[in-house]
Amino acid sequence: MAHQAHSYHMVDPSPWPIFGAAAALLTTSGLTMWFHYNAPYLLIMGLLSTALVMFQWWRDIVRESTFQGHHTPTVQKGLRYGMVLFITSEAFFFLGFFWAFFHSSLAPTPELGGQWPPVGIKPLNPMDVPLLNTAILLASGVTVTWAHHSIMEANRKQAIQALTLTVLLGFYFTALQAMEYYEAPFSIADSVYGSTFFVATGFHGLHVIIGSTFLFVCLLRLIKYHFTPKHHFGFEAAAWYWHFVDVVWLFLYMTIYWWGS
Amino acid sequence: QGLKPLVPTESPAPIFVTSKPSHLPAAEAFLGKNKVPDLQKVFQRSDGLPVHLKRGVPDRLLYRTTMALTIGGTIYCLVALYIASQPKNK
């Protein structure tokens, strides 16, 4: 059998890209059927197939790297570029919502009473739960860095402790934010204040959930001895993503919660 | 498909607490023992199977379920869109 004369990874034929595309079709058309005809079946099929594709595709990447050894330094470099570019695209995504917030809040219209927060809106106290949430995410940034150093120093017990703490802090943030959403005196329908607040913080919350899940998968892999002190890019990617989520929160807190109150 | 050593040059070292010399035998590692070398053998078998089916039955089950859901769903989607595009008869 001929061996390759390069350090790149030529992957096995895989069904996940096209199944993933089909899952996206089902999810989007499912949303339409649910909104307009109150029929949730297509949407459920879409979400289910999306989850199945994600699980199997990433499972295969773990197989190709940890079990088959295909992730050479060259391949890892490409993955690093990929993760950086992805996070950059997410930064631009959030930039749009910050733009919308400043557009409406820097020059409040007469319909809002010419002020920000608009007349009748009682904003959340930034020194209350939002400040706690800030502390939680900052602390989780410290614990994930602690976990990284423990991995690099081959300290298994501390790495597991630190990463577990990070995941728990992420869940704690999500739980507190969910409670805040429930208890908030204003809703998404309350003028452009509600729109900008819930869309920006809502997408952030979704990213916290995604980041926590990514870190949790890394925790499972850490326990199963997948990472070595020199090679643990999956963990690094999760840590980068987590720091990004933390930074977005800091901007949200300073602009929407604090300046905007 | 080169770069597939049977005994990988970068075999993951069992990560134990290394702060002080330990007299614990390897099998008593913290939170389960290292099964990665065994899994490496399984996934590097020369059986011609692609990575998404390499484990046999459980992989096939999951693959077929996903295929049924996506292909069946796509057909359902096309039917639903066809029906939805019919003019409403008032």
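Here, each number is a calculation from the coordinates, and none is a lab measurement. The structure presented is a predicted model; accordingly, all values stated were derived computationally and were not measured. Please note: Cβ atoms are built from the backbone with ideal geometry, for glycine as well, and neighbour counts cover all protein chains shown.
Values computed for the structure shown
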{"quantity": "Test result for residue A:159, over 16 Å from the mean Cα position of the chain (by Cα) and closer than 19 Å to residue A:212 by Cα", "calculated": "yes"}
{"quantity": "Residue that is charged (D, E, K, R) and more than 17 Å from the chain's Cα centre (by Cα), where the choices are A:180, A:236", "calculated": "A:180"}
{"quantity": "Residue within the range A:3-19 that is buried (at least 18 other Cβ atoms within 10 Å of the Cβ), more than 8 Å from chain B (Cβ to nearest Cβ), out of contact with any strand residue (DSSP E or B) (no Cβ under 6 Å at 6 or more places or on another chain) and assigned to a helix (DSSP H, G or I) present", "calculated": "no"}
{"quantity": "Which listed residue is facing another protein chain (nearest Cβ under 8 Å), over 15 Å from residue B:69 (Cα atoms) and of a type in the set (A, V, I, L, M), from A:45, A:33", "calculated": "A:33"}
{"quantity": "Qualifying residue in the range A:54-71 (condition: within 30 Å of residue A:190 (Cα to Cα) and touching a residue at least 24 places away in the same chain (Cβ under 8 Å))", "calculated": "no"}
